[in-house]
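These notes are about the structure you will find just below.
The values are calculated or read from the model by the stated rules, or taken from the named source; none is laboratory data. Please read these numbers as outputs of a predicted model, since none were measured by experiment. Cβ placement follows ideal geometry from the backbone for every residue including glycine, while neighbour counts extend to all protein chains displayed.
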Amino acid sequence: MQRNFILTDVMKTGQNQHYADFISMHSLPNQTFDMTCEYYTLQWYDLDAYDRKFAIIDVNHGNARVADNKEFNEELQRRLDLLKSQGFVFIAASPWESIENIQSTDQEEKVWPKFTTEHVKWTGGTSWFWYYMYKKHKGNTFNFTHNHNGSYWHKKHDFLYLNKAARPHRVELYDHLLAKGLLTNSIHTFHLHKSKKSVMPDGYELPNVDADKYPRFGLDQDIYELPYIDTVCSLVSETNDNDYDVFMTEKIWKPIIAQHVFVVHGNYLYLQKLREIGFKTFGNYFNESYDLERDPRKRRDKLVSLLQDLKAKCSEGSVVESGNKKWQDIYLQTQALRKHNYDTFFDEKKLSVQINKTLELFLEFADSRQIPS
């Protein structure tokens, strides 16, 4: 059995409890993890008894509040130097962000603190928001009804399409969909679109929330049933659309919890990664070839074409060509698929497998830095 020690937040400026909870959900054989968030209690531990020692530095744009604080920066470096001399290796933790986000030159996405001590980066990938949404919603009671007395005709709207931050790829798709009339009869938001701000229609926002004053942070991971009940399909507007890092946020986990049909405007091979970690998608029911398109604009165009097709299927009187399926058929025939996704999401053992993969990266990094005795 190998013993690992983790100082979960060197300066205690971030999410140390979430980091500890995430790590505690691992199922790695022959590995134990002892943790503390208190730098000044390290003397209580026999650090020489551990096979590996880690120190997590919380790195996020919220820490910019101390960017110009000389005392903070000097103390951070003092601690890093001392911990390094004691054999610690360092993890720069930004699991709320993607690789693209923390490398962005946009002022809003700049992260802090900056330091040069060698470290491994912890970004969101596929496991962080799965963990976070699992933790937030495990045991919650929801009432998602996608049929009424056996009929699916009661759905009032086509797509549920939620946007907040005006990232370039979101603006491009949103403008395309508006221009083609594909958002008529859909529930769509774009809180921070400078010229086309759109909020939830009356009755569809989270209870006790003013849709016009939806906050910049804080409610994104909450779920309200009615928008999913009254729409046919979620158009998931993910954080990035690059071709080098699949980043899954609460935006995909909400429709999965809601057992909603979904398409995703996100990274190249996003759906493939979703399937690799145990979920199922809807390729047997409509065209998901957009996921295989590496060029983001071509991927966007394929999405637009798919949404045109799906919107036609949403019309009660639409003619269904041979071999195609209307959305009522899709909901009827994907009951088991959608329940599988829901069950997989709330399967702690399957989540633990993804958490293991994150921790294995840290262990490999530490082992590669150890000097052979």
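Observations
- Meets criteria (of a type in the set (Phe, Trp, Tyr), without any contact (Cβ under 8 Å) to a residue 40 or more places away in the chain and in the same structural domain as Asp329 (by TED's automatic domain parsing)) for Tyr214: no
- The stretch 23-61: number of residues that are of a type in the set (Gly, Ala, Ser) and without any contact (Cβ under 8 Å) to a residue 12 or more places away in the chain: 1
- Asn356 vs. criteria at negative phi and modelled with pLDDT of 95 or more: yes
- Residues satisfying the stated conditions in the stretch 280-301, i.e. basic (Lys, Arg) and either part of a loop (DSSP other than H, G, I, E, B) or within 23 Å of the chain's Cα centre (by Cα) (or both): Lys280, Arg294, Arg297, Arg299, Arg300
- Subset of the stretch 53-84 [aliphatic (A, V, I, L, M) and at pLDDT 95 or above]: Ala55, Ile56, Ile57, Leu76, Leu80, Leu82, Leu83
- The stretch 194-209, residues that are under 23 Å from the mean Cα position of the chain (by Cα) and closer than 24 Å to Lys311 by Cα: Ser198, Val199, Met200, Tyr204, Glu205
- One residue from Asp230, Asp291 being touching a strand residue (DSSP E or B) at 6+ places or on another chain (Cβ under 8 Å) and free of Cβ contacts under 8 Å to residues at least 40 places away in the same chain: Asp291
- Residue match in the stretch 62-82 (condition: closer than 30 Å to Ile256 by Cα and either hydrophobic (A, V, I, L, M, F, W, C) or not in a helix (DSSP H, G or I) (or both)): no
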